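For reference, the structure discussed in these notes is given below.
The values are calculated or read from the model by the stated rules, or taken from the named source; none is laboratory data. Please read all numbers here as calculations on a predicted model, not as lab measurements. All Cβ positions, glycine included, derive from the backbone under ideal geometry; neighbour counts span all protein chains shown.
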Amino acid sequence: MEITIEELLEMIGTLNRFKILDMLKERPLSIEEIAEELKISVPAVLKHLDVLERSKIIEAKNVRERSEGRPKKVYYLRYKVIPNFFFDDEIMGLEFYIVNPKLEQEFYDIEDIRLKKTMLKVKLKKLEKKRIKLLKELEMLEKLENMCEP
């Protein structure tokens, strides 16, 4: 992610965007949770989230709380941005460290888990078929080798 400090400050330039980033630092949140915490409207939150999402600082994921029901969109930090302010007699500065956050296990819903398990089972079956095929080919080559030996 190549952006300048000016671009980053412009993206998080509003107090509410800064608060949203600060909230997402703790855990992924839905639009409604953010609106409730900031005491602003859902459309206002959507505008802030849109700017942050376009800047690729945050991402969204549809998550189901239970196995049935509609999924809700949850936002999380794509990068953890850590500001470091420093002041000297002649120099004032601001550095940002970007760290890829690890998502909490609870962030993945039951459908994600089931899909991942199914995909791994299919992959295992394919690998097993390939293993059996290779074993048969190896066996055939050993027979040919034994036939060619004097």
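With respect to the numbered conditions (1) out of contact with any strand residue (DSSP E or B) (no Cβ under 6 Å at 6 or more places or on another chain); (2) closer than 30 Å to Leu21 by Cα; (3) at pLDDT 65 or above; (4) among the basic types (Lys, Arg), which one is the sole condition not fulfilled by Lys102?
Every listed condition holds for Lys102 apart from (3).
Lys121: modelled with pLDDT of 70 or more and either part of a strand (DSSP E or B) or exposed (fewer than 11 other Cβ atoms within 10 Å of the Cβ) (or both), yes or no?
Here the answer is yes, as Lys121 does meet what is asked.
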